[in-house]
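Here's the structure we're looking at; comments come further down.
The values are calculated or read from the model by the stated rules, or taken from the named source; none is laboratory data. Owing to the predicted nature of the structure, the values given are computational and were not obtained by experimental measurement. In this analysis, Cβ positions are derived from the backbone assuming ideal geometry, glycine residues included, and neighbour counts consider all displayed protein chains. Ligands, DNA and RNA are excluded from the accessible area calculation, which covers all protein heavy atoms including side chains. Shrake-Rupley method; radii C 1.70, N 1.55, O 1.52, S 1.80 Å.
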Amino acid sequence: MEWLYGLEWQHVALLLVVAAAAGWVDAVVGGGGLVLVPALMLGLPGMSPVTALGTNKVASICGTTSAAVTYSRRTKIDWRLAGPAAASAVVFSGLGALAASHIPASYFRPVIMVLLLAVLAFVVARPSFGVVVGSTAQTPRRRVAAVLLAGTVIAFYDGILGPGTGTFLIIAFTALLGLDFVASSATAKILNAGTNLGALLVFAAGGHVLWKLGLAMAVCNIIGARFGASTALKRGAGFVRAVLVVVVVAMVARLASLYL
């Protein structure tokens, strides 16, 4: 029996399960797109990368918004930082989405590989990084740097490619502002909701969204995201750090496989 877009119900069910798993990963440490985008492209072999990104954004914006609400109820969020950065992220992720159909993703893979390996080495070499609140002084210059890096550079990357955005946001907030991983993850969810919104508006305007499938996955993504945020808040920064290392290793392995 064929269901959505010619998919058998078993394939739809698998995508829904993957969407829930992606929501959990994304809420804890980011990187849910690494799980869901490849699953979409494998599930619908004829799907273009741009449509996969656009459909993923439907699920992602619902999941990240749900996770952001969960975090905001149980941990303190610096809205003077998150607000301006999220507003900027909407604009720059939209610009990234506009560029997505013109710049091959292969151009970014070597750069992302280097960044991920650097992140992995840094986190492994510094066991206390992100586990305890750092002594880094939150000077105005550092706060501006965090807003600019997160709200422009990382937001643009999320629009044009996406997977790993939450991870990069967490590392940026932890390194620049000395936040622990739970506080960084909470702030990252606010930014990620903004990046998803900007990119989704552009992808939708271009007709690059499969709405029925995206909305079905969104429900499961929300379930996974709420569970993931609750798990991170309950288990603490040490747990988030461990998941971060696993996700970064998985990202490196996934990107490396594209060259083999």
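Mind checking whether some residue in the range 155-174 is at pLDDT 85 or above, crowded, with 21+ Cβ neighbours inside 10 Å and over 28 Å from Ala39 (Cα atoms)? So far as the range 155-174 goes, yes, one or more of its residues are at pLDDT 85 or above, crowded, with 21+ Cβ neighbours inside 10 Å and over 28 Å from Ala39 (Cα atoms). Residues of the range 244-260 that are at pLDDT 70 or above and open to solvent by less than 20 Å² (accessible area, probe 1.4 Å): Leu244, Val247, Val248.
Cβ separations smaller than 7 Å between residues 6+ apart or across chains give the following pairs from the range 77-95 residues that are closer than 20 Å to Ala204 by Cα and assigned to a helix (DSSP H, G or I) to residues that are open to solvent by 30 Å² or more (accessible area, probe 1.4 Å) and aromatic (Phe, Trp, Tyr): Phe92/Phe156; Ser93/Phe156; Leu95/Phe156. Taking the criterion of being open to solvent by less than 20 Å² (accessible area, probe 1.4 Å) and modelled with pLDDT of 85 or more, the residues of the range 23-63 that qualify are Gly23, Gly54, Thr55, Asn56, Lys57, Val58, Ala59, Ser60, Gly63.
Can you find, within the range 64-76, the residue that is nearest to Cys220 (Cα to Cα) among those that are open to solvent by 30 Å² or more (accessible area, probe 1.4 Å) and in a helix (DSSP H, G or I)? For the range 64-76, the residue satisfying everything is Thr65.
Residues of the range 203-260 that are within 18 Å of the chain's Cα centre (by Cα), over 17 Å from Ala183 (Cα atoms) and not hydrophobic (A, V, I, L, M, F, W, C): Gly214, Asn221, Gly224, Arg254.
Of all the residues in the range 58-71, those that are in contact (Cβ under 8 Å) with a residue 60 or more places away in the chain, farther than 14 Å from Val35 by Cβ and out of contact with any Asp or Glu (no Cβ under 9 Å at 6 or more places or on another chain) number 8.
Scanning the range 205-243 for residues that are surrounded by 15 or more Cβ atoms within 10 Å (Cβ to Cβ) and among the aromatic types (Phe, Trp, Tyr) yields a count of 2.
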